[in-house]
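See below for the structure under consideration.
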Amino acid sequence: MEKMVNVYLFGKKYSVPAGLTIMTAMEYAGYELVRGCGCRNGFCGACATIYRIKGQQQLNACLACQTEVQEGMYVATLPFFPLVKQVYNIEEIKPTEQVMMQLYPEIYACIGCNACTKACTQELNVMQYIAYAQRGEYEKCAEESFDCVMCGVCSSRCPAGISHPQVAMLARRLNGKYLAPGCGHLADRVKEINDGTFEELIENLMQKPLDEIKELYNNREIEK
Ligand code: FES
């Protein structure tokens, strides 16, 4: 017989098969996921979730699509977390230390509690990438934060009110725009697209029946 576990979804008790993810357990229990559900593969960050195991003090954070249910799990999802998002024109700002001071001054109020790192659903060293941002070390900040899915759980735990994912996003943009070495073949390909080089090719492809397109896709030449 299938092993079942008891979970509490939004405060209501359900018996669900062990081995389901929190997300599939919600669907098993009859919830239709409209918000808080995207790629289902741990990339989009839409399914940030907090949970506590019955009888334990610790509050845990995870992605609902990547985490299996456990006996006695109390679950609440965070389909949206209100991060502070500053508006800037990447063409007008420069990768100086001052730009962080102007746009995200709260990062200098970090008290070093490391709650952000402990809460990260991607196991990133969040406090470290904020330290890099404070020092204007945007290449390092970009590298350290590269796998951020912007779920916002780090910010939900931060006593200084830092919006870590947005700080990291700015660092990655500055890095991509001004610091990382240019990518010649990408520029060439963008120019080819803008010049319409592939338009006829795409047009011909779109006229083909679906099965033929699938066949072409399955037997395509894969770049080494
Ligand atoms: S649904 Fe995209 S990360 Fe979970």
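The values are calculated or read from the model by the stated rules, or taken from the named source; none is laboratory data. All values derive from a computational prediction rather than experimental measurement. Virtual Cβ from ideal backbone geometry, glycine too; neighbours counted across all protein chains shown.
Can you confirm whether the stretch 11-22 contains a residue that is assigned to a helix (DSSP H, G or I), within 11 Å of the ligand (Cβ to nearest atom) and within 24 Å of the chain's Cα centre (by Cα)? Yes; the residues of the stretch 11-22 include at least one that is assigned to a helix (DSSP H, G or I), within 11 Å of the ligand (Cβ to nearest atom) and within 24 Å of the chain's Cα centre (by Cα). In the stretch 212-223, the residues that are β-branched (V, I, T) reach residues that are modelled with pLDDT of 90 or more with C-beta atoms within less than 7 angstrom, at least six apart or across chains, in these pairs: I213/L205. T121 meets each of the listed conditions (1) part of a helix (DSSP H, G or I); (2) in contact (Cβ under 8 Å) with a residue 60 or more places away in the chain; (3) of a type in the set (S, T, Y) apart from (1). Scanning the stretch 57-77 for residues that are under 16 Å from S156 (Cα atoms) and part of a loop (DSSP other than H, G, I, E, B) yields a total of 2. Among the residues of the stretch 199-224, just one is among the charged types (D, E, K, R), under 23 Å from R189 (Cα atoms) and surrounded by 10 or more Cβ atoms within 10 Å (Cβ to Cβ), namely E199.
Scan the stretch 161-184 for residues that are surrounded by fewer than 16 Cβ atoms within 10 Å (Cβ to Cβ) and under 20 Å from F81 (Cβ atoms) and jot them down.
Within the stretch 161-184, just G161 meets the criteria.
Under the condition of being near the ligand (Cβ under 9 Å from one of its atoms) and surrounded by fewer than 18 Cβ atoms within 10 Å (Cβ to Cβ), the residues counted in the stretch 43-71 number 3.
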